[in-house]
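The values are calculated or read from the model by the stated rules, or taken from the named source; none is laboratory data. Quantities reported herein were computed from a predicted structural model and do not represent experimental measurements. FYI the Cβ positions are ideal-geometry reconstructions off the backbone, even for glycines, and counts take in every protein chain you see.
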Amino acid sequence: MSHTPTHSTPETTDAAGRTGLVEVDTLAGRVRGRWRPTVRSAGDATGGHGAERSAAFLGIPFAEAPVGGLRFAAPVPKAPWAGVLDALEFAPTAQRGDPGVTLIPEPSVPGDATLNVNVFTPSPETPADGTGLPVLVWIHGGGYFAGSPASPWYDGRNFNRDGIVTVTISYRLGFDGFGWISDAPSNRGVRDWLLALEWVQQNISAFGGDPSQVTIAGQSAGGGAVLTLLGMEAAQHLFHRVYALSGALGDVTPERSESFGRALAAAAGVEPTRAGLSSLAESRVLELQKQATDLSGPDALASILEDGLPLGPSIDGELILRATAASLAAGVGADKPLVLGATDDEFTMAFADVEKKLRWIPKSLVLKKLGMPKDRLKAYLAANPEVAAKGTARIAGRFLTDRMFRVTNLDVVEARGNAATWLYRFSWPSGRFGFAEHCLDVPFFFDCLDGPAMEPLAGPNPPQALADELHAAVVAFIGSGDPGWPTAHGASPTAKVWNTPSSIEAGAYDSVLPIR
């Protein structure tokens, strides 16, 4: 799918003499963005002739700042403003401080107004014929406690080149977004997603987008977020297609959510109420949250595999009525086309520092420590001979990947039955690590291999041809609801395997079946 806009808002110059600017009216007020060129604007990814420039509107608030009386409250839509709001720089992020070295560059921006959207469009005006461009809404990952929509990798310029308006959204993280509080609304981060998607429905036509063609997508926690939304009755009117990369579902039980909330409040010496927790500085809550979610120690990984993440979307009986797979099996979201998949070795890097030590430890011992059932060990090793031959660290990383991501993918395929579902594996081995690690598929999805901090993740020469191929399939799905390979059904589904070369393989997830 390739769509070249036939009209475009001209550049403006403001009173300060700034050029290359463009303005759009939202329901809350007028915003000012900036034009930039797209990359490889001849339309290489789709074979068409795409838009040569993209307008970026950064940090548009969709809700009031969640501070003061609005802390731990449901998000409140942003009140209208007078004049023109500069949307030229990224707004504050819910992620605080320096995140350190991360697989995806996701900077933190200080400030209170953390609930905002970034809009990237090739045609920032309401379409004259009433038909806008398809829309991609991206929800960032980060384990529901970290991550940022301000990543340069999430810039939508190359989706704009291919005729797709792109929106990245922010949401409250960690305890502020997902922690249980006795008298506070549940799932506040989920409510932020919903309000951001409402904003898209109400405003995206002014940026050239079609509110009836919205695809939601995300990676890791963001992939879990879009699967959660797919299974949520209250969200069905807000989107039309779903693309989940390495989806890490929350589905936190009400008991675990309440237990975690009470324990954090007790550690702080306050009541588990809005008043009690609001008496704590944000920095103190973050400190307590970090202590309570510490993943160090020999049993930490096994605990996460068994119990899941302690902070994330919880089954509250209000927004999220049941576990996501159960909702999908009940038919929720069955009318929405879905693409989902994972990289082959998402968390093999978790064992990088101990790879040499693990070389001398039997594979069976490590796998049992991670929760491998004894009666499935031989079958699993037999189903993964090439990985097992590379050593204990590699098979442990593959098992971790399978338990956390690939079993979930098969569960979703099965739950959706005959609904339109496509499965993939991203198998291209990073030139840096020698395997397809967590986050590696994201720059291929966005077609941003020329972006910053690429070599630490992908190595010195990631294959642009693979990015062209994968990104084109994403563009096709966003535009038509079909990525271009057979749908996935049954216990041994067909999947697209992204590699050099790529392939379509029946039973591409069969190596997972012994532990499912």
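Can you confirm whether Arg416 is surrounded by 19 or more Cβ atoms within 10 Å (Cβ to Cβ) and under 21 Å from the mean Cα position of the chain (by Cα)? For Arg416, the condition - surrounded by 19 or more Cβ atoms within 10 Å (Cβ to Cβ) and under 21 Å from the mean Cα position of the chain (by Cα) - is met. Right, Gly83: in contact (Cβ under 8 Å) with a residue 24 or more places away in the chain, among the small types (Gly, Ala, Ser) and either more than 22 Å from Ser151 (Cβ to Cβ) or crowded, with 16+ Cβ neighbours inside 10 Å (or both) or not? So Gly83 fits the description; yes. For region 112-123, the candidate set comprises residues that are of a type in the set (A, V, I, L, M) and touching a helix residue (DSSP H, G or I) at 6+ places or on another chain (Cβ under 9 Å); within that set, the residue that is farthest from Ala65 (Cα to Cα) is Val119. Taken across region 462-476, residues that are at pLDDT below 95, part of a loop (DSSP other than H, G, I, E, B) and more than 16 Å from Asp162 (Cα to Cα) do not occur at all. Given the condition touching a Cys at 6+ places or on another chain (Cβ under 8 Å) and in a helix (DSSP H, G or I), answer yes or no: does some residue in region 413-422 qualify? Checked against the condition, which is being touching a Cys at 6+ places or on another chain (Cβ under 8 Å) and in a helix (DSSP H, G or I), region 413-422 yields no hits at all. Every condition in (1) modelled with pLDDT of 95 or more; (2) under 25 Å from the mean Cα position of the chain (by Cα) is met by Ser279 except one, and the failing one is (2).
Taking Ala91, is it under 27 Å from Thr19 (Cα atoms) and small (Gly, Ala, Ser)?
Values: under 27 Å from Thr19 (Cα atoms): yes; small (Gly, Ala, Ser): yes.
Answer is yes for this residue.
Between Ile515, Ile504, the distinction of being over 20 Å from Val39 (Cα atoms) and either in contact (Cβ under 8 Å) with a residue 40 or more places away in the chain or in the same structural domain as Val165 (by TED's automatic domain parsing) (or both) belongs to Ile515 only.
Entry remark, region 154-205: residues being among the charged types (D, E, K, R) and not in a helix (DSSP H, G or I) number 4 in total. Remark: His438 falls outside the filter, which requires a residue to be assigned to a loop (DSSP other than H, G, I, E, B) and either free of Cβ contacts under 8 Å to residues at least 24 places away in the same chain or farther than 19 Å from Trp138 by Cα (or both).
Yes/no matrix, rows are residues, columns are (1) among the hydrophobic types (A, V, I, L, M, F, W, C); (2) in a helix (DSSP H, G or I); (3) in contact with a strand residue (DSSP E or B) (Cβ under 9 Å, 6 or more places away or on another chain); (4) under 28 Å from Lys496 (Cβ atoms):
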{"position": "Asp335", "(1), (2), (3), (4)": "no, no, no, yes"}
{"position": "Asp353", "(1), (2), (3), (4)": "no, yes, no, no"}
{"position": "Leu365", "(1), (2), (3), (4)": "yes, yes, no, no"}
{"position": "Lys378", "(1), (2), (3), (4)": "no, yes, no, no"}
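Of everything in region 124-151 that is in contact with a helix residue (DSSP H, G or I) (Cβ under 8 Å, 6 or more places away or on another chain) and hydroxyl-bearing (Ser, Thr, Tyr), the residue that is farthest from Asp294 (Cα to Cα) is Thr126.
Given the criterion under 16 Å from Thr121 (Cα atoms), at pLDDT 95 or above, among the polar types (S, T, N, Q) and crowded, with 23+ Cβ neighbours inside 10 Å, identify the matching residue among Thr215, Thr228. Steps first, please.
On the way: Thr228 fails: under 16 Å from Thr121 (Cα atoms).
Step by step, each of Thr215, Thr228 is checked, and only Thr215 is under 16 Å from Thr121 (Cα atoms), at pLDDT 95 or above, among the polar types (S, T, N, Q) and crowded, with 23+ Cβ neighbours inside 10 Å.
With respect to the stated conditions, Thr421 is modelled with pLDDT of 95 or more, β-branched (Val, Ile, Thr) and in contact with a helix residue (DSSP H, G or I) (Cβ under 6 Å, 6 or more places away or on another chain).
All conditions in (1) outside any helix (DSSP H, G or I); (2) touching a Lys or Arg at 6+ places or on another chain (Cβ under 9 Å); (3) buried (at least 18 other Cβ atoms within 10 Å of the Cβ) hold for Ala396, with the sole exception of (1).
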